[in-house]
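See structure below.
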There are 2 protein chains.
Amino acid sequence: MSDVCSSCSAAGSCTSGSCSNEPQLSEAQKASKIGKIIAVMSGKGGVGKSSVTSMLAVSLNRQGYKVGILDADITGPSIPKIFGITEKANVNKIGVIAPQSRNGIKVMSLNLMLENEDDPVIWRGAIITQLIQQFWSDVVWGELDYLLIDMPPGTGDVPITVFQSLPVSGVVMVTSPQQLAGMIVRKAIKMAKKYDTTFYGLIENMAYASCPDCHKRIEIFGTPKGAEEAKKNEIPYLGQLPIDPVLSSMSDLGKIEDYQTENFDNIVQRILEEVAKDSKEKVIN
Amino acid sequence: MSDVCSSCSAAGSCTSGSCSNEPQLSEAQKASKIGKIIAVMSGKGGVGKSSVTSMLAVSLNRQGYKVGILDADITGPSIPKIFGITEKANVNKIGVIAPQSRNGIKVMSLNLMLENEDDPVIWRGAIITQLIQQFWSDVVWGELDYLLIDMPPGTGDVPITVFQSLPVSGVVMVTSPQQLAGMIVRKAIKMAKKYDTTFYGLIENMAYASCPDCHKRIEIFGTPKGAEEAKKNEIPYLGQLPIDPVLSSMSDLGKIEDYQTENFDNIVQRILEEVAKDSKEKVIN
């Protein structure tokens, strides 16, 4: 029995010389080669998950990596606006071509398929599930070092589908200092653990703001407790980020790629160390 | 043809003397009488929808109204924690008995049925849809002036089910100054309009913070534009609320009923005026 066969679920009962259990790859998947898939998750909405996903993409892109973002927040997609992408997604005979940011980050989001960015998508979970699978199987991602997935809040259809259908390498969790956010992020951590996920770590976002006048540090959402929360959940602690009005305005202007912050570089470094530690070194497709 | 028949979808083809199209009420519904159902919606997560729902409930309760909250954010429920309710929901022969806050606000939330508050609910939309319907049909709400529904982010299964299955009287929209939130709240407004909803108005939350030292007003998420947003969407503007660290900490402590803020009283007054204007004066069940 070959190495491939030994890990096959049909091993033992299979009598075929050639394996029939190999996954059927779409043309788009055959034309793609993706290094690592990182899901950015929070459980609770509004803790800055899309900002963290975008900043992570920008930072990896600056370091020379090829990066894509799959915007899995189907009913509340933010990524195209943050990157200022207005070009619609096109389809060729191989699959869907993801539009690119100014610096070449590939983005696939339902908002790139809608006529108006504020058109609502009034879809039940079964349809949303299919769309997520298509964003994975029918998009020509090409060669990427990192595909980041911006997950929606909650532990419903989309996260279930992502964990069941996509070969996620690991998860970055985002929380904020509110205990409420802590409780809901623990739900998301417990969910991800059920799918035997690797945790690259936890980021505490919105940890504080600075008064523009007197420069006092203001803990607007309460005392930060990210390090403690990470320890309690036995996942690496990656660091904290402030609420930065400049980030809000650059995101609103679609200019996240011009945003600079030192705080985040250390966090990215820590994520890359965790990724390197991760023994699952396989190329995904 | 009686008045009841004239609004019946079978009018014209019905040959029955007694109407067979009357909705079948559950025992719990027969034991309940609900004045108005207000859905609190945002589209985007983390703009303080659950805080607004809770503060609205507290304010109405202080004014002597009988209030219930249906926590429809199934995978990210916050309401029990904000009210410090730890008692589990019980079932009697009529239906599910909703636990009450210290001041008698009835709350139904999936977190009141879980063993641990941070257990995740890894359910697809079809199951979540059923649960929302049961929170409506199987909970003995009793006599309420107001039932508030804390909606989850997005425009997926839960909002669809709420608008299709529950006789919602009107919607309060919550947004924050970020343009991103504006875009996503517009999706939610467009969705609600498709269901021919009455809008009681829009609240701009997290409009600013105050430095505890120099008391400078800091517009952390950008320049407030709620009034403009409300006008653009042709819905009443209800006012703005600051980010208040005291609200965060009172919510984390489960003591929202002890929280006082003048800002909110005017908003509640405006909502009550809009409710009074609303011609749909029927008692729901």
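The values are calculated or read from the model by the stated rules, or taken from the named source; none is laboratory data. The model shown is predicted, which means the values in this text are computed figures rather than measured ones. Note that we place each Cβ from the backbone using ideal geometry, even for glycine, and neighbour counts take in every protein chain shown.
Which residue is surrounded by the most Cβ atoms within 10 Å (Cβ to Cβ), if the candidates are limited to segment B:123-137 and must be more than 8 Å from chain A (Cβ to nearest Cβ) and not aliphatic (A, V, I, L, M)?
Initially, segment B:123-137 is screened for residues more than 8 Å from chain A (Cβ to nearest Cβ), giving B:127, B:130-137.
Then drop every residue that is not not aliphatic (A, V, I, L, M), which leaves B:130, B:133-137.
On the way: B:Gln130: 12, B:Gln133: 15, B:Gln134: 15, B:Phe135: 23, B:Trp136: 26, B:Ser137: 20.
Filtering first and then ranking leaves B:Trp136.
Just to be sure I understand, how many residues within segment A:144-162 are without any contact (Cβ under 8 Å) to a residue 40 or more places away in the chain and not hydroxyl-bearing (Ser, Thr, Tyr)?
So the answer is 3.
Write out, first by first residue and then by second, each pair whose Cβ atoms fall under 8 Å of each other, whose residues are 6+ apart or on separate chains, and whose first residue, in segment A:228-257, is at pLDDT 95 or above while the second is of a type in the set (Lys, Arg) and not in a helix (DSSP H, G or I).
Short answer, once both residue conditions are applied: A:Glu257/A:Arg102.
Is it the case that B:Val140 is in contact (Cβ under 8 Å) with a residue 60 or more places away in the chain, more than 13 Å from chain A (Cβ to nearest Cβ) and farther than 22 Å from B:Leu56 by Cβ?
Details: in contact (Cβ under 8 Å) with a residue 60 or more places away in the chain: yes; more than 13 Å from chain A (Cβ to nearest Cβ): yes; farther than 22 Å from B:Leu56 by Cβ: yes.
Judged against the criteria, B:Val140 is a match.
Which one of these does A:Gly201 not meet: (1) crowded, with 22+ Cβ neighbours inside 10 Å; (2) modelled with pLDDT of 95 or more; (3) touching a strand residue (DSSP E or B) at 6+ places or on another chain (Cβ under 6 Å)?
Single failed check for A:Gly201: (1).
Would you check if B:Gly95 is in contact (Cβ under 8 Å) with a residue 12 or more places away in the chain, over 21 Å from B:Ser251 (Cβ atoms) and more than 14 Å from chain A (Cβ to nearest Cβ)?
Working: in contact (Cβ under 8 Å) with a residue 12 or more places away in the chain: yes; over 21 Å from B:Ser251 (Cβ atoms): yes; more than 14 Å from chain A (Cβ to nearest Cβ): yes.
In short, yes.
When you check A:Met206 against the structure, is it part of a loop (DSSP other than H, G, I, E, B), buried (at least 18 other Cβ atoms within 10 Å of the Cβ) and either more than 10 Å from every other protein chain (Cβ to nearest Cβ) or touching a residue at least 40 places away in the same chain (Cβ under 8 Å) (or both), yes or no?
Numbers: part of a loop (DSSP other than H, G, I, E, B): yes; buried (at least 18 other Cβ atoms within 10 Å of the Cβ): yes; either more than 10 Å from every other protein chain (Cβ to nearest Cβ) or touching a residue at least 40 places away in the same chain (Cβ under 8 Å) (or both): yes.
Yes.
In this structure, does A:Ile94 turn out to be in a loop (DSSP other than H, G, I, E, B) and of a type in the set (A, V, I, L, M, F, W, C)?
yes
May I ask you to list the residues in segment B:209-221 that are closer than 16 Å to B:Gly48 by Cβ and either assigned to a strand (DSSP E or B) or modelled with pLDDT of 95 or more (or both)?
Answer for segment B:209-221, where residues must be closer than 16 Å to B:Gly48 by Cβ and either assigned to a strand (DSSP E or B) or modelled with pLDDT of 95 or more (or both): just B:Ala209.
So in segment A:143-165, with the set limited to residues that are surrounded by fewer than 24 Cβ atoms within 10 Å (Cβ to Cβ), of a type in the set (Ser, Thr, Tyr) and not in a strand (DSSP E or B), which one is nearest to the other protein chains (Cβ to nearest Cβ)?
A:Thr161
Which condition number does A:Thr223 fail, the rest of (1) under 19 Å from A:Val47 (Cβ atoms); (2) surrounded by fewer than 21 Cβ atoms within 10 Å (Cβ to Cβ); (3) more than 10 Å from chain B (Cβ to nearest Cβ) being met?
So the condition that A:Thr223 fails would be (3).
Yes/no matrix, rows are residues, columns are (1) touching a strand residue (DSSP E or B) at 6+ places or on another chain (Cβ under 6 Å); (2) closer than 30 Å to A:Gly156 by Cα:
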| position | (1), (2) |
| --- | --- |
| A:Lys231 | no, yes |
| A:Ile235 | yes, yes |
| A:Met250 | no, no |
| A:Gln260 | no, no |
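I'd like the residue in segment B:237-254 that is assigned to a loop (DSSP other than H, G, I, E, B) and more than 19 Å from the chain's Cα centre (by Cα) and, out of all such residues, is surrounded by the most Cβ atoms within 10 Å (Cβ to Cβ). Quick ask: steps written out before the conclusion?
Keep residues of segment B:237-254 that are assigned to a loop (DSSP other than H, G, I, E, B), which gives B:241-244, B:253-254.
If we keep only those that are more than 19 Å from the chain's Cα centre (by Cα) too, we end up with B:242-244, B:253.
Numbers: B:Pro242: 17, B:Ile243: 22, B:Asp244: 17, B:Leu253: 14.
Across segment B:237-254, the extreme among qualifying residues is B:Ile243.
Can you tell me which residues in segment A:55-71 are over 22 Å from A:Glu27 (Cβ atoms), in contact with a Leu (Cβ under 9 Å, 6 or more places away or on another chain) and not in a strand (DSSP E or B)?
The answer is A:Met55, A:Leu56, A:Ala57, A:Leu60, A:Gln63, A:Tyr65.
Among the residues of segment B:182-196 satisfying the criterion of being crowded, with 19+ Cβ neighbours inside 10 Å and either without any contact (Cβ under 8 Å) to a residue 40 or more places away in the chain or within 8 Å of another protein chain (Cβ to nearest Cβ) (or both), which is farthest from the chain's Cα centre (by Cα)?
B:Met183
With respect to A:Phe135, determine if the residue is aromatic (Phe, Trp, Tyr), closer than 16 Å to B:Ile122 by Cβ and assigned to a helix (DSSP H, G or I).
Answer is no for this residue.
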